[in-house]
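Trainee: A single structure is presented below for examination.
The values are calculated or read from the model by the stated rules, or taken from the named source; none is laboratory data. Predicted, not measured: the structure shown is a model, and the values here were computed from it. All Cβ positions, glycine included, derive from the backbone under ideal geometry; neighbour counts span all protein chains shown.
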There are 4 protein chains.
Amino acid sequence: MKEKVIRFGISLNDKLLSSFDKTISSEGYTNRSEAIRDLIREKLISKEWIKGKREVVGVITFVYSHHARELDSHLINFQHHNYKLIISSTHIHLNEENCLEVIISRGKPQEIQKIADLIKSFRGVKHITLSMTTTGENIL
Amino acid sequence: MKEKVIRFGISLNDKLLSSFDKTISSEGYTNRSEAIRDLIREKLISKEWIKGKREVVGVITFVYSHHARELDSHLINFQHHNYKLIISSTHIHLNEENCLEVIISRGKPQEIQKIADLIKSFRGVKHITLSMTTTGENIL
Amino acid sequence: MKEKVIRFGISLNDKLLSSFDKTISSEGYTNRSEAIRDLIREKLISKEWIKGKREVVGVITFVYSHHARELDSHLINFQHHNYKLIISSTHIHLNEENCLEVIISRGKPQEIQKIADLIKSFRGVKHITLSMTTTGENIL
Amino acid sequence: MKEKVIRFGISLNDKLLSSFDKTISSEGYTNRSEAIRDLIREKLISKEWIKGKREVVGVITFVYSHHARELDSHLINFQHHNYKLIISSTHIHLNEENCLEVIISRGKPQEIQKIADLIKSFRGVKHITLSMTTTGENIL
């Protein structure tokens, strides 16, 4: 399907605009439109997660103890059990004691949040974060 | 000083734009420019707080126990001692046990954060939040 | 009603505990229990807001242009119309151009969020934040 | 090295404790100590990122257009150039148009933030998040 680009005008106080231009250029942007599109997408994606009705993508990152009894196999079983929601997982050996695992999952916000909550409650899992992003349907 | 308004164009994928228009209209906006200006200001204000170089405005809200020994007078003394940073405070009686206090302060981000940290550490203070906003100089 | 204090034990890795003690002492805490109670309350209060079923307290802070046509009277009318949710408001003159207003409100999370969203959408309101805190019932 | 576990007591209002127990059990915890340890680690890890002095682990997730001219090779070159900070990357095909990439990186907070900022500014990158976690040294 051909995508259509629409152009429209916005007006801004000159001082506000000059602060914005300075800030985004310090972040590496070479294009004001691109920076504004990023702000719009961020807003829409955070709304998707709050509303909870559409499929989204979540990245669950957690650090856990390699020495926790049976945690490795517990984690693998848990992920298999939830295979419909989990696209992939990546494993990193941080040091003697700790591993990092990154799970990419796709589903409704509550389903993904539930998975993150459960992993967090496992004994031996020491820290967890959930990155909220999008499948890209309709809002990109 | 006369403020100058600048108008410029941005381009957006039509689906992204239509999602944005729906979202902002559900929030009460009647004007797309206004919604985009709000996103820009939010970004700049959060940057001001991170950089920490300019004067900002912070609103410190905390709930505390009316029954905590000498906390009331401790809080008043503390605020007097920091009077240069504190513009005003408002006090609400939540119930038999708890009070809410809202302090509006103006200063460097670290100074305001320091005040919030200290109040939080007082015994009897049960919850605290810090709202980060702006003096409005240059970025509004 | 007499409040009851319960004492229980928790166990921690010694290095984790020593990092925690250093961090909280740098924030002004003199008491480890108090720092842990604060973490527990923060968690419970953020859950109250997410669940949305109980009455909470929200502090809405916004900066707006004194020169925006009829915004002052619009804001006053709006607040009167929502008087059941609004406990108090405090007004600060930031500079020639900008005012700061802090509204303390009490109600269900969605009701308070709705008020914040609406104020944000008014033309002339330039930045808004919502601090989420508690009435103190049951969880303090 | 043998790790040492230390046990200590904390005291809590009975209503606060019962709210906490209910909340953590709804999240899957079977153990109060474990839930409190998680709160402590979250606090310490967020402090590590704020202070910026120690090595941390960051997971950068971004969605980008497969059709953006030369973005794929641009991203690969960029990652090679920063190979010292990047441990691994995982690629997912979301749909016809969009890809998801997850980069696990290790370094100082500002270095990782800089990488995320730069990727965000590339044209065709539509959304980015940065998950802040830890190497596990000393604080787990």
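Trainee: Please go through segment D:113-133 and give me each residue that is out of contact with any strand residue (DSSP E or B) (no Cβ under 6 Å at 6 or more places or on another chain) and assigned to a loop (DSSP other than H, G, I, E, B), ordered by number.
Mentor: D:122, D:123
Conditions tested, residue by residue: (1) of a type in the set (Asp, Glu); (2) on the phi > 0 side of the Ramachandran plot; (3) at pLDDT below 95.
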site	(1), (2), (3)
B:57	no, no, no
B:66	no, no, yes
B:72	yes, no, yes
B:76	no, no, yes
B:125	no, no, yes
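Trainee: Another question about this same structure. Condition test on residue A:118, is it more than 16 Å from the chain's Cα centre (by Cα) and within 24 Å of residue C:43 (Cβ to Cβ)?
Mentor: Taking the combined requirement at face value, the residue satisfies it.
Trainee: Against the conditions (1) of a type outside the set (Gly, Ala, Ser); (2) closer than 30 Å to residue B:138 by Cβ; (3) touching a helix residue (DSSP H, G or I) at 6+ places or on another chain (Cβ under 6 Å), where does residue C:86 fall short? Just the number, please.
Mentor: (2)
Trainee: With respect to residue C:94, determine if the residue is in contact with a Leu (Cβ under 7 Å, 6 or more places away or on another chain), crowded, with 19+ Cβ neighbours inside 10 Å and closer than 30 Å to residue B:4 by Cα.
Mentor: yes
Trainee: At least 1 residues that are under 22 Å from residue D:100 (Cα atoms) in each: list the strands (runs of 3 or more DSSP E) lying fully within segment A:1-112 that qualify.
Mentor: Numbers: elements: A:5-13, A:56-65, A:86-93, A:98-107.
It comes to A:56-65, A:86-93, A:98-107.
The rows are residues; the columns are (1) among the small types (Gly, Ala, Ser); (2) at the interface with another protein chain (Cβ under 7 Å from one of its Cβ atoms); (3) over 17 Å from residue C:131 (Cα atoms).
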| position | (1), (2), (3) |
| --- | --- |
| B:15 | no, yes, yes |
| B:45 | no, yes, no |
| B:63 | no, yes, no |
| B:81 | no, no, yes |
| B:125 | no, no, no |
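Trainee: With respect to residue A:84, determine if the residue is surrounded by fewer than 18 Cβ atoms within 10 Å (Cβ to Cβ) and closer than 30 Å to residue A:37 by Cα.
Mentor: For residue A:84, the condition - surrounded by fewer than 18 Cβ atoms within 10 Å (Cβ to Cβ) and closer than 30 Å to residue A:37 by Cα - is not met.
Trainee: Where residues in segment B:24-41 are of a type in the set (Ser, Thr, Tyr) and surrounded by fewer than 19 Cβ atoms within 10 Å (Cβ to Cβ), which of them is nearest to the other protein chains (Cβ to nearest Cβ)?
Mentor: Ranking the candidates gives B:33 first.
Trainee: Have a look at B:107, B:136 and point out the one that is closer than 21 Å to residue C:92 by Cα and more than 8 Å from every other protein chain (Cβ to nearest Cβ).
Mentor: Details: B:136 fails: more than 8 Å from every other protein chain (Cβ to nearest Cβ).
Being closer than 21 Å to residue C:92 by Cα and more than 8 Å from every other protein chain (Cβ to nearest Cβ) holds for just one of B:107, B:136, which is B:107.
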